[in-house]
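Q: Take a look at the following structure, please.
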Amino acid sequence: MRRYVAQLHSGIARAVPVRRTPYRRRAAAAASVLSAVPAQQAGTAHAFSAFDADLERGLPPGMAVLLVLPVLRDGKRGFRLRGVCCCGVLQDFPESAHPDIELANLVARSGIPPTKVIATMRRWSQNMTKLTTWLHERRCEHGDALQLMVWDETGYGIPWELFWLEAPPGSSWREGWLGGLVTMTRWLTINAAWSVVRDYATSHTCAGPVASFVADDMRHDDALLSRFASETIPGIRGLSKTLATGQPLGMVYVACHGKFESDEDDCRLGDVPLVMLEGGGRFGRLASAATFVFLNACHSGRLLAGDGTFADQAQRGFSEVFLRSGAAGVLATSGEVGDEEAHQMAGELLKLLCERPQMPVAAALRELRSVVAHLMPADLFDAEANEEQRRLLPLLYRFMYVYYGSPRTTVALAPCEGWA
Ligand SMILES: [Zn+2]
């Protein structure tokens, strides 16, 4: 059941293969209160009072949090931002309308040409003037040490990694795509009574062997894991059982096809529906170790949010399932990613994490995004030029990877015998 983006848009004829179609009590309380605020009230100060409590504990040096909350005004959806920095700077932003910029829709068969995606994201970012100045100030304050966590509760699929961050005219600051300039991660509310959910601000080390499932038509990924002590998960349906009990794991790697639709029955990792993983019990091998989970499958990082009353419902998705079980980080995708790009991404990331074990996953991702961030249309109006459109795809694919977890988490996988 291999899926293809047969035509990215009418201008691209050649088929592009795609894969894949405690935290502490106070923080937990903050998150649950936030998620319990009805949409109509989400823009009021009340919605943020719980988050103020979270601020009391302070953020570690260099860390800033951007909270994105859904609001409903006169029947129209929108969102509201609150930015908080370690140095105590707190800013509320004006409400914005719900943008239709989900990459899963834009970079798809029925989507728009890459040149137009790029122009759209730059134009949308220009409108966000207050956010731009706040982010710029954070860079000025913390420089390269800045770690931004986007806590997006909207379910709108806003591609924050592809926010175009302008710099003041004449300044020495480089402008570009946020995910290539700044170390950034994501977070979401996880409701759990007895939580093994890890703190989003702490440094965790994902140490130990690897458990992997690689779909038959993605066997070239096996070679990427050969240097690590690893075990094979017998079929995607064996995922829950394999992860339930046993030796703690440093990494779970899943390479398969994925689907994600607004109807939850159509949200699948391989052929496993989301609800079966959600209801399959806790993954004990993630709770006993800090585990890095890499879901190299299409749409694996997207989130379902309840319709209409979305502000009082938790977001659901495959990344949430693993974070709930205690994963220290989940890397997943927000749309259909090209097969070759997915393979390359995994290869380059694992190589970087092995070569520089002190480098947090989030910093490695920034570096890998920055490698393709220079890809820009030679001519925005040359939308009919297939080669030009295809040349830009690696940029969009790579920025589709979203990472949930602490920006400080590192990975130290056990080598297999012979590599030690
Ligand atoms: Zn700060």
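Q: Report the gain in length on full extension from Thr202 to Arg122: 0.36 nm times residue separation, minus Cα-Cα distance, nm rounded to one decimal.
A: That works out to 25.6 nm of additional length.
Q: Can you give the extra length, in nm with one decimal, that the chain gains between Ala193 and Asp222 once fully stretched, where that is 0.36 nm per residue apart less the Cα-Cα distance? Could you put the intermediate results ahead of the total?
A: Values: separation 29, 0.36 × 29 = 10.44 nm, distance 3.75 nm.
Full extension of this stretch gives 6.7 nm more.
Q: Same structure again: Which stretch or stretches of the range 80-100 have amide N atoms under 11 Å from the point lying 7 Å from Thr133's Cα along the Cα→Cβ direction?
A: Output list for this probe position: empty.
Q: Determine, for each peptide in 134-144, 323-333, 246-256, the mean count of other beta carbons within 10 angstrom over its residues, then list the peptides with the highest first.
A: 323-333, 246-256, 134-144
Q: Under 17 Å from the 7 Å Cα→Cβ point of Lys241, by amide nitrogen: which residues of the range 265-293?
A: 271-273, 276-285
Q: Order these peptides, 71-83, 112-124, by their mean beta-carbon neighbour count within 10 angstrom, highest first.
A: Details: 71-83: 16.5, 112-124: 19.2.
Ranked from most to least packed, the peptides come out as 112-124, 71-83.
Q: Next question. Test of the criteria: in the range 190-297, which GluC sites (Glu not before Pro) are in a DSSP loop and have at most 13 other Cβ atoms within 10 angstrom of their Cβ? Walk me through the numbers before you get to the answer.
A: Working: sites: Glu231, Glu261, Glu264, Glu278; in loops: Glu261.
In loop regions of the range 190-297 (DSSP not H, G, I, E or B), the sparsely surrounded GluC sites (Glu not before Pro) are Glu261.
Q: Oh, and also: Provide the per residue accessible area, probe 1.4 Å, for the range 201-413, rounded to a whole number of square angstrom. Kindly include the intermediate steps, with their values, before the conclusion.
A: Working: 7480 Å² over 213 residues.
Counting only protein heavy atoms, the per-residue value for the range 201-413 is 35 Å².
Q: Any number yet on Rg/Rh for the range 164-311, C-alpha, Kirkwood?
A: Details: Rg = 18.3 Å, Rh = 17.8 Å.
Across the range 164-311, the Cα-based Rg/Rh ratio is 1.03.
The values are calculated or read from the model by the stated rules, or taken from the named source; none is laboratory data. Keep in mind it's a predicted model, so treat the numbers as computed, not measured. Virtual Cβ from ideal backbone geometry, glycine too; neighbours counted across all protein chains shown. Side chains included, ligands, DNA and RNA excluded: accessible areas come from the protein's heavy atoms. Shrake-Rupley method; radii C 1.70, N 1.55, O 1.52, S 1.80 Å.
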